[in-house]
Amino acid sequence: MNRIGLLVTLATLAMAAGCAKKQAAQDNLVTVPAGTPAAANVTLLAREGDVGRSGPITNGYRPQLKFSDKPEEISCKISMPSGTGEIAPGQSLDVSIVCDGEIKAKADQLGFDMLEGGRKVGTGILHR
C-alpha cells in the first residue's frame, strides 16, 4: 500500500472511531421529553443558612431542577403518590416529575438539585 493509501485508511479509521465514540456518548444519555412524567426520588433539605426549607412541600410543588452536568435550570412540577400529603424537610420520597423543558442527562449523572429562587432546597435522582 502506498503512502497516500495508508493515510486514507488511517483517516477512515479515525472517523469511524469518532462516530463510534459519538454513538456511545448518545447511548449514555437519558432523555425525558418536556411534559412527560419521570420517576425520581427527592430529598427535601432542612434549613441551614442559605440552603434548605423551613416548611414542607405539597403535591404540585414547582421547583427548578439543575442537573450536575448542565448549566441551565428546568421548571418542573412534583406529583406525590396518592395518600402522601407533604414532604417535610429531612424526608425523602419517590415522586413523579413533569418538566416544562426536555431533560437530557448523562446516564451516570442523573442527580439534580432542587432550587427555589436560586436557593438549593433539595436534591434528587431520576430513576432509570
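Just so it is clear, none of the values below were taken in a lab; they were calculated from the coordinates. Owing to the predicted nature of the structure, the values given are computational and were not obtained by experimental measurement. Ideal geometry is used to build each Cβ from the backbone, glycine not excepted, and the neighbour counts take in all protein chains shown.
Could you check, for segment 49-62, whether at least one of its residues is hydrophobic (A, V, I, L, M, F, W, C) and out of contact with any Leu (no Cβ under 7 Å at 6 or more places or on another chain)?
Taking segment 49-62 as the starting set, the residues that turn out to be hydrophobic (A, V, I, L, M, F, W, C) are 51, 57.
If we keep only those that are out of contact with any Leu (no Cβ under 7 Å at 6 or more places or on another chain) too, we end up with none.
No; the residues of segment 49-62 include none that is hydrophobic (A, V, I, L, M, F, W, C) and out of contact with any Leu (no Cβ under 7 Å at 6 or more places or on another chain).
Within segment 64-105, track down each residue that is among the basic types (Lys, Arg) and in contact with an Asp or Glu (Cβ under 6 Å, 6 or more places away or on another chain). If you could, list the steps in order and put the result at the bottom.
Start the filter on segment 64-105 by keeping residues that are among the basic types (Lys, Arg), which leaves 66, 70, 77, 104.
Lys66 - this is the single residue of segment 64-105 that is among the basic types (Lys, Arg) and in contact with an Asp or Glu (Cβ under 6 Å, 6 or more places away or on another chain).
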